[in-house]
Each structure stands twice: as structure tokens, then as C-alpha cells.
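This report concerns only the one structure given below.
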Amino acid sequence: MSDNSTGQDQWGIDTRAIRTGHERTGEQEHGEPIFPTSSFVYGSAAEAERKFSGEEPGNIYSRFTNPSVRTFEQRLAALEGGERCVATSSGMAAILAMALALLKTGDEILASRSLFGSTISLFDKYLARFGITIRYVELANLEAWEAAITPQTRLLFAETPSNPLSEIVDIPALADIAHRHDAWLAIDNCFLTPALQRPLALGADLVIHSATKYLDGQGRAIGGAVVGRNKELEEVFGAVRTCGPCMSPFNAWIFTKGLETLRLRMKAHCEQALALALWLEDQPAVRKVHYSGLESHPQHELARRQQDGFGAVLGVEIVGGREGAWSVIDATRMLSITGNLGDVKTTITHPATTTHGKMTDEQKAVAGISEDLIRLSVGLEDLEDIKNDLATGLNALA
Ligand SMILES: *Cc1c(COP(=O)(O)O)cnc(C)c1O
């Protein structure tokens, strides 16, 4: 039995991150156990019948439920303020499971045009094949969302802040538009995590996570989650249970342990990112820094209002076009040249030729993915070491 059964509703966010969801077994373990088992056994044929029919709750098979996965789900739900969470094998699987659960042929998705590249491919290449129409609008432009919505629109989908330019949408206002048209609002909360932004409390209906990023925080495992109300999440659970993109118990354990330090890490990431952004703004070889924590950011006030922090992803425009940007990347010795983000290790990438490389020149121009842009996911190494590694390339250009 759990020793966590009393007063959990009153727990603060740090206590939830550390204690929610662990039901201690008869072994009296202190740390959360990993249950690497595909199935579960019964005392009798009659008990098996009751479990399979749903008459009696309990585990059957790890594609349906697994105690390690449930610990992660309950903990993330508690942090996001959702009634229920369903874990998935990746962030992309979370988006797919949500779509399988809630949409049908003839429905429309209205999405921000500033989305993770694979999300756009999932929509345009796969969902479109099943007769779902997808249209894209400018993230921050509420009139554009309102104008593009139709009676067939069932889902509004956005990432805020956007990658890599930190554009922001007013979540309560967007939720209002969705609800006036009888549609759901889903927010991909990967960049800020519940430590810095809780979309459900701001009016969103569903939260999507790539746990691969900050929830893990140390670049070890791939996973995802959908969080929201019981009603919709029961459908998402059904889709994952039947279609199979479930999370492994071992990965769930990694993410559970990641959640315990999430708020501390996010606070440290934010401090580092702001300090680095301010330093970069002063470098002669830097044309512009995109970060919602800077007063120069056009939506800085909105960011302050709806976020508890500004995250740690910076878009930085370098003098000298692609050549300049590449020379800064190639001059680094410590930073990791990789497309991943949300790691304690600082990563650097050239979006136009990697993460956003599949976009047409026109799509890139509209989304602001210029050739001179680099993206930094600011990690937790010593700030001086990060600066020094960037200074080599920047000073050569200045
Ligand atoms: C990485 C990412 C995803 C996809 O997650 P995976 O775990 O890689 O499948 C979705 N949305 C955003 C914003 C991401 O950064």
C-alpha cells in the first residue's frame, strides 16, 4: 500500500514531483521500482475473468498498464494539473495517439505553422491520407486562428514558445477561440514543461510532451505523454492500449526520476539561458537574439504573464549568413553539434539545414528560419565555458 495516500491534493508542486504515484510494494523499497514484465498473473481462472472483463481493476499486460509507467503518468498528471496522463513510446507517438483517439475522416486540424518538423510530417503525410485536413496559421496571430477555423475544425494545435524563435501565443485567448467553436486546444509543452507553464490551468484541453527532452533532462531515453481530462484521456488510453505505442517500464523509471529534479533544473536552465542571451546580444558578430526572456522580445510581457520562466532555447542570428553561422558552430570544441535539446549538455545546431531542412525556401522564409540562424539549447555547464566555446567563432567573425 502507498504511504502517500493522505493529503496528496494539498501537496505543493515540489512534493508531487518527488512523491506522487509510488505505491510501495511488500518489499518496503524506498526508491521507485522498475517492473520489467510483459504480463501479470492471477490466483484463479475466476480472478482472470474478472480482470479481463474490467469488473475488477488490476494489471493484465504491459501494453495496457504497468506499475512503473503508472508512477510516471500519475506524477506528470499531478505536475500538469491534469486528471489523467497516458505515457507513450515517444513524443510523436503522443501526438499520433491523441489524433487516433479524437479525430476521424472529415475533421480538420488548425495548427501553428511553427511546429516541430516531424509533427508537420505526421499531419501532412499521414493524417492527411486518412482524410483529415490540416491548415496552418501564424502562431501569435489570434485573428488568423479565428479566421481559419471552420465547423469541421476539431483540434487546435500549438507549441509555445516556438522553436527556435520563441514566438508565443496567448493560451487563454486561443482556448477561448477553440471552445467557442467546439474544438479542443492541445499545447505541446515540451519547451517549458510544467515547471514553467501549465497550459491546462490556462484553458487548454490537452497537453503533449516529448519526455525525451527536459523531463528526462539528460538525453537518455525516448518517450512522450498526453495529459488532460478523464473523458478525452480514456480515448487516448484506448488508442495506446490497442495500437501499441506504449512506454517501456525502464524508460518510465528514467522519466519518473527526471521529474524529481525538473523544477530545479529548469530554474538553472533559465538562469543560464538569460545570462547567455544578454552576453550574446553584446557580441559584434551577433545580429539578433530571439528569447522571450529579453526585454527586446516583442512578446516579453505576455511571456511574463503566462510563463513562470522563459526556458533555455535561444535562436541567434550571426553575421555573414550560412557561412558565418557554420563557422561559429564548427569553431566550438565543447558544445554538442546535435539536433536534440533539453539536455544538461549545451547543444548547438543550424536549423535551416538540419531540424528544419525539409521545409521549402518559402516555408522557411515565412517561419523565420534564416540561413544565419543558429539554435542553442543552453545546458548546465559552467557559463564561462559555454561563452568561451562560442567566443572563438564569434570573435573570428567580428
Ligand atoms: C522532440 C519534440 C517532439 C517529438 O518528440 P520525440 O520524443 O522525439 O518523438 C515533439 N514536439 C516537440 C516540441 C519536440 O521538441
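Of the residues making up region 69-86, at least one is of a type in the set (S, T, N, Q), within 22 Å of the chain's Cα centre (by Cα) and either more than 12 Å from the ligand (Cβ to nearest atom) or surrounded by fewer than 20 Cβ atoms within 10 Å (Cβ to Cβ) (or both). For region 357-380, a tally of residues being more than 18 Å from Arg287 (Cα to Cα) and out of contact with any Leu (no Cβ under 9 Å at 6 or more places or on another chain) returns 10. Among the residues of region 104-120, none qualifies, meaning not one is touching a helix residue (DSSP H, G or I) at 6+ places or on another chain (Cβ under 6 Å), over 18 Å from Leu185 (Cβ atoms), modelled with pLDDT of 95 or more and within 15 Å of the ligand (Cβ to nearest atom).
The residues in region 17-35 that are without any contact (Cβ under 8 Å) to a residue 60 or more places away in the chain and small (Gly, Ala, Ser) can be counted, and the count is 2.
Of note, Thr349 satisfies the criterion of being of a type in the set (Ser, Thr, Tyr), touching a helix residue (DSSP H, G or I) at 6+ places or on another chain (Cβ under 8 Å) and within 16 Å of the ligand (Cβ to nearest atom). Screening Ala140, Ala144 for residues that are among the small types (Gly, Ala, Ser), more than 16 Å from the ligand (Cβ to nearest atom), within 25 Å of Glu301 (Cα to Cα) and within 21 Å of the chain's Cα centre (by Cα) leaves exactly one candidate, Ala140. Val41 passes every criterion in (1) surrounded by 10 or more Cβ atoms within 10 Å (Cβ to Cβ); (2) of a type in the set (A, V, I, L, M, F, W, C); (3) touching a helix residue (DSSP H, G or I) at 6+ places or on another chain (Cβ under 9 Å) apart from (1).
Taking region 160-188 as the range and being within 12 Å of Ala204 (Cβ to Cβ) and either touching a residue at least 40 places away in the same chain (Cβ under 8 Å) or polar (S, T, N, Q) (or both) as the test, the residues that pass are Thr160, Val169, Asp170, Ile171, Pro172, Ala183, Trp184, Ala186, Asp188. Condition test on Thr15, is it assigned to a helix (DSSP H, G or I), at negative phi, of a type in the set (Ser, Thr, Tyr) and exposed (fewer than 15 other Cβ atoms within 10 Å of the Cβ)? Here the answer is yes, as Thr15 does meet what is asked. Only one of the numbered conditions (1) among the hydroxyl-bearing types (Ser, Thr, Tyr); (2) at pLDDT 95 or above; (3) out of contact with any strand residue (DSSP E or B) (no Cβ under 6 Å at 6 or more places or on another chain) is not met by Ser90, and that is (3).
Counting only residues that are assigned to a loop (DSSP other than H, G, I, E, B), in contact (Cβ under 8 Å) with a residue 12 or more places away in the chain and within 16 Å of the ligand (Cβ to nearest atom), how many does region 316-344 have?
Filtering region 316-344 for residues assigned to a loop (DSSP other than H, G, I, E, B) gives 319-320, 332-335, 338-344.
Those left that are additionally in contact (Cβ under 8 Å) with a residue 12 or more places away in the chain: 319-320, 332-335, 339-344.
Checking the rest, the ones that are also within 16 Å of the ligand (Cβ to nearest atom) come to 339-343.
Counting residues in region 316-344 that are assigned to a loop (DSSP other than H, G, I, E, B), in contact (Cβ under 8 Å) with a residue 12 or more places away in the chain and within 16 Å of the ligand (Cβ to nearest atom) gives 5.
What number of residues within region 37-64 satisfy the criterion of being hydroxyl-bearing (Ser, Thr, Tyr) and under 34 Å from the mean Cα position of the chain (by Cα)? Total meeting the criteria: 5. Under the condition of being charged (D, E, K, R), in a helix (DSSP H, G or I) and in contact (Cβ under 8 Å) with a residue 40 or more places away in the chain, the residues counted in region 356-398 number 3. Can you spot a residue in region 122-134 that is in contact (Cβ under 8 Å) with a residue 40 or more places away in the chain and closer than 26 Å to Ile168 by Cα? Scanning region 122-134, I find no residue that is in contact (Cβ under 8 Å) with a residue 40 or more places away in the chain and closer than 26 Å to Ile168 by Cα, so the answer is no. Quick check, is Ile187 within 22 Å of Gly315 (Cα to Cα), surrounded by 19 or more Cβ atoms within 10 Å (Cβ to Cβ) and not assigned by TED's automatic domain parsing to the domain that holds Gly309? Considered against the rule, which asks whether it is within 22 Å of Gly315 (Cα to Cα), surrounded by 19 or more Cβ atoms within 10 Å (Cβ to Cβ) and not assigned by TED's automatic domain parsing to the domain that holds Gly309, Ile187 comes out as yes. Please indicate, with yes or no, whether at least one residue in region 272-294 is hydrophobic (A, V, I, L, M, F, W, C), within 30 Å of Ala173 (Cβ to Cβ) and under 20 Å from the mean Cα position of the chain (by Cα). Scanning region 272-294 turns up at least one residue that is hydrophobic (A, V, I, L, M, F, W, C), within 30 Å of Ala173 (Cβ to Cβ) and under 20 Å from the mean Cα position of the chain (by Cα).
The values are calculated or read from the model by the stated rules, or taken from the named source; none is laboratory data. Bear in mind the structure is a predicted one, so any value in this text is a computation, not a measurement. Cβ sites come from the backbone with ideal geometry, for glycine too, and all protein chains shown count toward neighbours.
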